[in-house]
Each structure stands twice: as structure tokens, then as C-alpha cells.
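The values are calculated or read from the model by the stated rules, or taken from the named source; none is laboratory data. Worth saying up front: this structure is predicted, and the values here are computed from it rather than measured. Cβ coordinates were reconstructed from backbone atoms using ideal geometry, including for glycine residues, and neighbour counts include every protein chain displayed. Ligands, DNA and RNA are stripped out before the accessible areas are found, and what is left, the full protein with its side chains, is counted by its heavy atoms. Shrake-Rupley method; radii C 1.70, N 1.55, O 1.52, S 1.80 Å.
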Amino acid sequence: MWIGLLGYEVREALRGRWVWAYGAFFLLLTEGLFRFASDPARVSVGLLNVVLFIVPVVALFWALVGFYQTRDFLELILSQPVPRRWVLWTKIGSGAGTLILFFAIGILIPYLLHARGQWAALSEGLWLVGTGSLLIVIYYGIGFGLAVTREDRTRAFGIGMVFWFFTAVLYDALLLLLLLLLRDYPVERPAFVLTFFNPLDLARILLTMRLEAALLMGYTGALYERLLGGVLGQLIALGVLLLWAVGPLGWAQWRFMRRDF
Amino acid sequence: MIELRGVSKRFGSRLVLRNVGVTFRPGEVTALIGPNGSGKTTLLKSIVGLVQPDTGQIFLNGVPLDGGAWACRDRIGYLSQVARFPENLTVQELVAMLTMLRRRAPERLQELRTYFRLESVWDKPLRILSGGTRQRVALLLAWMFDPEVLLLDEPTAGLDPVAAARLKDLILQERERGKVLLLTTHVLAEVEELADQIVFLLDGEVHFAGSPEELLLRTGESTVEGAIVQLLDAHTGGVLHVDRVIGL
């Protein structure tokens, strides 16, 4: 039954134009970067900031729009003999799943075409897709949780935008300011812990360490490398990112199971 | 049979259902009446599980309808107040999807399709259908698995007079077949025509529950319509004359 429901949700998502446009954007961007810079390492670095900036905000909005547009239809589904949990997970699975699928296709096709046989370059592409996919899950979960808790969609979109802006722009600036103000004190370890609270920071650190893009690593990335070394730093960043993926989804489920429609 | 025992529900600071205790029996049409915001829709949604009561219990043939009793919804047909569906789907696809969810073939599908005059729009996308046609699609969805309980939230809203008359005939047929029928309406003539039991809600509280005859006796009116208007006037100080105009 849930497979049928998931299939229906995926078909509905594929019927919309936005997800195709999303895939086409990454396809054209990656292909364009490969044409300008034939070195796959430079392409990965070029893609890094776009992935970190675009992927979260699209996932957040995709979740919010997906919920509010189908709210009345959700009522019809939930009035059927179907467990709520199934409805929730097919909705999240199809929404986040289609975004991940088109994002992965858009990035990986040019990598497969231009970096054939170059395993290091292909693995960079896979890391970009993997980390981007985690960001999709995290921000989709946050968007879905917001939509479930907020009846007023304008307010939900507003909160979502503020959260994205905070994690994408403000958090780093505030962290840097804090470090500057406290530069006479030993703040390395607290700064290291503070990166746990921003999934975008973690994703950036993880990718810059993988891509060995020292210039983009920033203070926190360098801190990871100095305190933990490459592999351990990557594992910790990945582990906390996975926790970030589980947290919002768990919150969304908790609210959805108790929500009145 | 559906039984509500001490059901209360609060939305924020507003108490929408207050200790509601009422029974809906098979072979009876119950009309839930009351002004807007009196708790009619919340009561229907509580039965079907869309709203989760804060206190109290709801039973279907003695089985409590709590969070884990989703399978019981197989015996319930629910018509929502607003008939909105995914715009890309055709009527046929929507029916197929609900069939997949219920994991059994619809009963009387052909008969109902003809009854609700949906043959010509069967393969049309729902986005191009008029409000009245969408309402007929919603009625088909509520009815097509031949449920023993039918919860109808303003079922004649948006229907043309012919479709509304046919729907009322169908409701009476289902009553004869022993179904539990529960409908909300602002059209007082419908209450007079269809109801075996009237439940009057105001601010989430049941102010009257009984047969039309009991209502006439209590109010001293000669028509159910007049009696309901008197009930509304008595409890709202005449604020709800709009409902009276709609009813007439």
C-alpha cells in the first residue's frame, strides 16, 4: 500500500516543472564549469559554494510548498484506512527523494562524461552529491516540520527564510566576530563545538577537507584539520551532519502524528 | 453505531468541543446543526481521526477510535467541506488511488458513477471541473466503498438542484439500508426532509439532541424549521438570522 502511495507522490512530483528545472540547472552549471575549467578539482570547488547556497533553500521551500499545496488532499488521504506514519514518510520520501535524484543526475552526468576513469575526480563528485543530499534531507525535514506546525503559511515561509539566512550567512559572520572579540582567550575548542550547530558549516568543512580546498576552508575548517586531522575531522563532521538529518525528521514526525487537520 | 463520550477539543485558547456525549445509531440520519464555528466540522473530523480529541473517547460499534485504530476507517466514508484534489489527476486516477489505499475493489462504482453523472468527466483532469462536479466526485469517493458510516460535511453545498435532490434520495436509501448517516448543514429544509435525529451545537456544546418530534414538543413550533430557528434565536439572541434566510 505504501509503495503505491509513494509511487503516486513521486509521479505527482515528476509532473511538476520545477524539479526538472532544478535538475537542468545543476546539469547546465556542472557542464558549463567543465567546459571553462577542464580540471575536475576546480569544477568541484566551483560547485561547492553553489551547492551550499542553493540546495538548502530549495529543499526548504520545496517542503513548505509541497505541504501547503496538498494540505486539503492530505485530509482525504488521512481519512482513509492508512496509518499516519505511512502518509508522512511517503510524503517526505517522495519530496526529498525526487530533489536528491534530480540533483544527483544534474551533477553526476557531466562528471561521468568529463572525468571518465579519473577515480579521484569521480569521488569528489560523489562527495558533493552525498553531502548535498544530506543537506536536502536536513532542510526538507526542517521545512516539513515548519509546515506541519504552522497553520499560517506566510509565517512558516518567513521563519524558513530567516533560518536559511542565519545558517548560510549570519552564523559564520557572528562566529568570526566572536572569535575576533575573544582572540586573547583560548577559544579553539568552543569554536569547534559551535560549528556543530550549523549544518551548512559542517557540510562546508566536510567538503573543503575532502576537496583539500585550503583557501575555502576558513577558520573552522582549519580548526578541524588541526585538532582532529583529516579523516577524524571528516568522520566527526559527517556524524554530526547525520544527527542533523535525523533531528528535524524526528521533530516533523512527532508534530505530524499529533497534528489536527 | 458511533458513540461519543465526554469528547472535548481545544484549539489554542478556544474550546471547540465541550464534553460532547452523543450516539449515532444505524438506520438513522443525524443532522448536526449550529452556527459557523460551533464545532460541527470538528466533531466529524474527530470521528474520522483528522482531529484528535484532548479528552473523551469515540467508539465505532464498541471499538475505541484512537490513534491506532486507523483500520476502522475502512468502514467510514467521509465527505470534506471543501472538495479539493490534486489538479493533475483525472477522476479515474483519483478513484484508482483510493482503491489502492483501501486494498479492495469499490462496490457499486458503476452505479454511483451514473448516479452522480460523472461518466463524461471520468478521464478529465480535476483542475478543469466545476465546483459542483468536484463535489459530486467527492460524494462518489465517500460512497464508493459502501461504508457503514457516512460523515457528510455540507453535502449539498455547490450542487445544482437536480444533483441535490438525487443526493437526498440516496441518503434516504442508505438510511433504509441501515447505515449510520451524519451530516452537517445550514439548510434547514434539508434537516426537516432528512433528519431522524437533530444535534444542535453551540460553542462546542450540545444544546439539544433528540428527534424532530421532541424538538417540536420542546419549542412548541409546528415545523422543524421554525423550531430550529427558535433554538438558534434562543441561544444567540437572534444574531443568526442569516442562517434562517439560507434555510428558507
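Observations on the model:
- Surface composition of the stretch A:52-133: carbon plus sulfur atoms contribute 74% of the solvent-accessible area (1.4 Å probe, protein chains only, all chains present).
- Taking every residue in B:78-91 and counting other chain Cβ atoms within 10 Å of its Cβ, the average works out to 4.
- Annotation: the antiparallel percentage among DSSP beta bridges lying fully within chain B is about 55.
- Summarising the strand pairing of the protein assembly as shown, around 55 percent of its internal DSSP beta bridges are antiparallel.
- Approximate spin-label separation B:Asn88-A:Tyr185, in nm, with each point projected 7 Å along Cα-to-Cβ: 5.4
- For B:Leu89, the amide hydrogen comes within under 5 Å of the amide hydrogens of B:Leu126, counting only partners 5 or more places away or on other chains and with H modelled in the peptide plane.
- Centroid-to-centroid separation of the stretch A:1-51 and the stretch B:1-35 [C-alpha atoms, Å]: 50
- A Stokes-Einstein calculation at 25 °C with viscosity 0.890 mPa s, built on the Kirkwood radius of the stretch A:58-189 over Cα pairs, returns a diffusion coefficient of 140 µm²/s.
- If you sort A:Ser123, B:Ser13, B:Ser120, A:Ser79 by accessible surface, 1.4 Å probe, largest first, the order is B:Ser13, B:Ser120, A:Ser123, A:Ser79.
- Local electrostatic count at A:Leu113 - Lys and Arg +1, Asp and Glu -1, tallied over other residues with Cβ under 14 Å: +1
- With loop membership from DSSP and a limit of 14 other Cβ atoms within 10 Å, the longest segment of chain B without GluC sites (Glu not before Pro) is B:108-248.
- Per-residue mean of foreign Cβ neighbours for A:6-18 is 2 (Cβ atoms of other chains, 10 Å radius).
- HN-Hα J in Hz across the stretch B:23-39 - Karplus 6.51, -1.76, 1.60, θ = phi - 60°, x for Gly and Pro: 10, 10, 9, x, x, 9, 9, 10, 9, 8, 10, x, x, 4, x, 8, x
- The stretch B:101-178 - Debye-derived log10 I(q)/I(0), Cα point model, q = 0.15, 0.20, 0.21 Å⁻¹: -0.52, -0.94, -1.04
- Grouping the Cα pair distances of the stretch A:1-127 into 5 Å bins from zero gives a pair-distance distribution of 2, 10, 19, 19, 14, 11, 10, 7, 5, 3, 1, 0 percent in increasing distance order.
- Rolling a 1.4 Å probe over the protein heavy atoms gives the protein assembly as shown an accessible area of 44 Å² per residue.
- Loop sites in the stretch A:1-81: trypsin sites (Lys or Arg not before Pro), DSSP, at most 11 other Cβ within 10 Å: A:Arg17
- Hydrophobic long helices, here whole DSSP H runs in chain A with Kyte-Doolittle means of at least 0.0 and Cα atoms spread over 30 Å or more along the helix axis, are found at A:40-69, A:84-114, A:119-149, A:230-258.
- The value for the stretch A:17-258 of Rg(Cα) / (2.2 N^0.38 Å) is 1.07.
- Surface burial for A against B, with a 1.4 Å probe and both sides summed, reaches about 2400 Å² of accessible area.
- Computed accessible area, B:His207, all protein chains, 1.4 angstrom probe, square angstrom: 60
- The phi-based Karplus calculation (6.51 cos²θ - 1.76 cosθ + 1.60; θ = phi - 60°) puts the 3J(HN,Hα) values of the stretch B:99-116 at 4, 5, 5, 7, 6, 7, 6, x, 9, 6, 5, 4, 4, 6, 4, 6, 4, 8 Hz, whole numbers, x for Gly and Pro.
- Close amide-amide hydrogen proximity is noted between B:Phe11 and B:Val16, each under 5 Å apart and 5 or more residues distant or on a separate chain (H modeled in the peptide plane; Pro and chain starts excluded).
- Debye intensity ratio in log₁₀ form over the Cα atoms of the protein assembly as shown, taken at each q of 0.07, 0.08, 0.12 Å⁻¹: -0.51, -0.63, -1.05
- Computed over the protein assembly as shown, the per-residue total of -39500 (n - 2.57) for DSSP H runs of n ≥ 4 gives a 222 nm mean residue ellipticity of -20000 deg cm²/dmol, rounded to 500.
- Between 0 and 90 degrees, the angle of helix B:161-176 with respect to the longest Cα principal axis of chain B falls at about 80 degrees.
- Euclidean distance between Cα centres, the stretch B:173-188 to the stretch B:123-146, Å: 19
- A probe of 1.4 angstrom, applied to the heavy atoms of all protein chains, finds B:Met1 with accessible area near 80 square angstrom.
- For the stretch A:71-85 versus the stretch B:191-234, the gap between their alpha-carbon centres in whole angstrom: 33
- Checking every one of the trypsin sites (Lys or Arg not before Pro) in the stretch A:97-165 against DSSP loop status and a limit of 13 other Cβ atoms within 10 Å picks out A:Arg116.
- In whole angstrom, chain B maps to an equivalent ellipsoid with semi-axes of 29, 22, 17, each derived as √(5λ) from the alpha carbon gyration tensor and ordered largest first.
- Once the Cβ-Cβ distance of B:Arg25 and A:Val246 is raised to the sixth power relative to R0 = 56 Å, the FRET efficiency obtained is 0.70.
- If R0 equals 51 Å, the separation of the Cβ atoms of A:Gln118 and B:Ala71 corresponds to a calculated FRET efficiency of about 0.40.
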